[in-house]
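Before I ask anything, let me first share the structure, which is written out below as structure tokens.
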Amino acid sequence: MQKKLFFLVSVIIMASTFQLKAQYDESDTTYKRWFIGTSLFVLFGNVLEDTNPPDFFQLDIGYRITGKDIVRISPKTWKYAWPNGIHPFLNDAYKKPEERFPGYIREYGATLSYQRFLWEGFYAQLDIMPTWQVFVNDNGKKIDDGFQIFNSYRFGYHIKLFNDTFFFQPSICVTHRAYHTQLPDGFKQLDDKWSKFIFPEPGLNVGFNF
């Protein structure tokens, strides 16, 4: 299921790059400044994932400073039971019982993003997300708290839909766990085995302009 989903996302991303449309022009002041959105992985992860359901929530609130410069804040929460350093689509170690945490981690955070359009609808984006971590054991009992800074370095394409009422942004990124406090015993030993970077990781964001 994971590899099929990764293949589907990759096809969507590659296909979308052929739908070249000009991004908002610098001289055009009529475009809508504000937007809200989310990630389609909220749907994919919560509905299709049965072994490690993330209970994922994400809300994007964005503002176009200019036609090429965008900022956004995205409150998020999710949980996971395998180390973030294991690629969920490309690494067979993901979901192996021996790599599973003795419980799970619930995170609460807000991503701060800056997006810059480079050419046509192609953009680069930096995401910085400080998160509060709650460590829960297999009995459902909280055992510790933690803090993490989770970054994404993203490249994607912006597709206008329905006369620019909606948009779709397929992307690909490198994720980076830039900093985190020490994990509790049992979690730390498993997490230390894996990289702080993951690549490639797909993104499928959608939004509504107003």
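What follows is calculated from the coordinates using simple rules that are stated; it is not laboratory data. No experiment lies behind these values; they were computed from the predicted model shown. So basically every Cβ, Gly included, is an ideal-geometry build from the backbone, and we count neighbours across all protein chains shown.
Which value at 222 nm does the chain reach when only helices count, each DSSP H run of 4 or more adding -39,500 (n - 2.57), with the total divided by all residues and rounded to the nearest 500 deg cm²/dmol? Before the final figure, lay out the partial values.
Details: 2 runs with 20 residues, N = 210.
After summing the helix terms and dividing by residue count, I get -3000 deg cm²/dmol.
Report the charge-dipole magnitude of the chain in Debye, nearest 20, computed about the Cα centre from +1 at each Lys and Arg Cβ and -1 at each Asp and Glu Cβ. Provide the component values of the computation, followed by the final result.
Values: 23 positive and 22 negative charges, 29 e Å.
For this selection, approximately 140 debye.
Report the one residue of I105, F57, L183 whose Cα lies farthest in the direction of the positive end of the charge dipole of the chain (charges on C-beta: Lys and Arg +1, Asp and Glu -1; origin at the Cα centre).
Going by the Cα projections, it comes out as F57.
Identify, among Y153, T77, S171, the residue whose Cα sits farthest towards the positive end of the charge dipole of the stretch 75-210, taking +1 on the Cβ of Lys and Arg and -1 on the Cβ of Asp and Glu, with the dipole about the Cα centre.
The one lying farthest along the dipole's positive direction is T77.
Pull up all non-local amide H partners of L40: gap of 5 or more, or a different chain, and H-to-H distance under 5 Å with H placed in the peptide plane.
When sequence neighbours closer than 5 places are left aside, the close amide H contacts are L204, N205, V206.
Can I ask one more? Here are several values of Cα Rg over 2.2 N^0.38 Å: [x] 1.07; [y] 1.13; [z] 0.98. Which one was derived from the coordinates shown?
Looking at Cα Rg over 2.2 N^0.38 Å for this model, the match is [x].
For the stretch 92-180, compute Rh as the Kirkwood radius over C-alpha pairs and then the Stokes-Einstein diffusion coefficient at 10 °C and 1.306 mPa s; write the answer in µm²/s, rounded to an integer. It would help to have the intermediate numbers written out before the result.
On the way: Rh = 15.8 Å.
Answer, rounded: 101 µm²/s.
Measuring from a point 7 Å past the Cα of I143 along Cα-to-C-beta, which residues in the stretch 54-88 have an amide N at less than 19 Å?
The answer is 79-85, whose backbone nitrogens lie closer than 19 Å to the label point.
What angle do you read, to the nearest 10 degrees and between 0 and 90, between the alpha-carbon axis of helix 2-16 and the longest principal axis of the chain?
It works out to around 10 degrees.
Just flag the trypsin sites (Lys or Arg not before Pro) in the stretch 102-144 sitting in loop per DSSP whose Cβ has no more than 16 other Cβ atoms within 10 Å.
Numbers: sites: R106, R116, K141, K142; in loops: K141.
Those that pass, being in a loop and sparsely packed, are K141.
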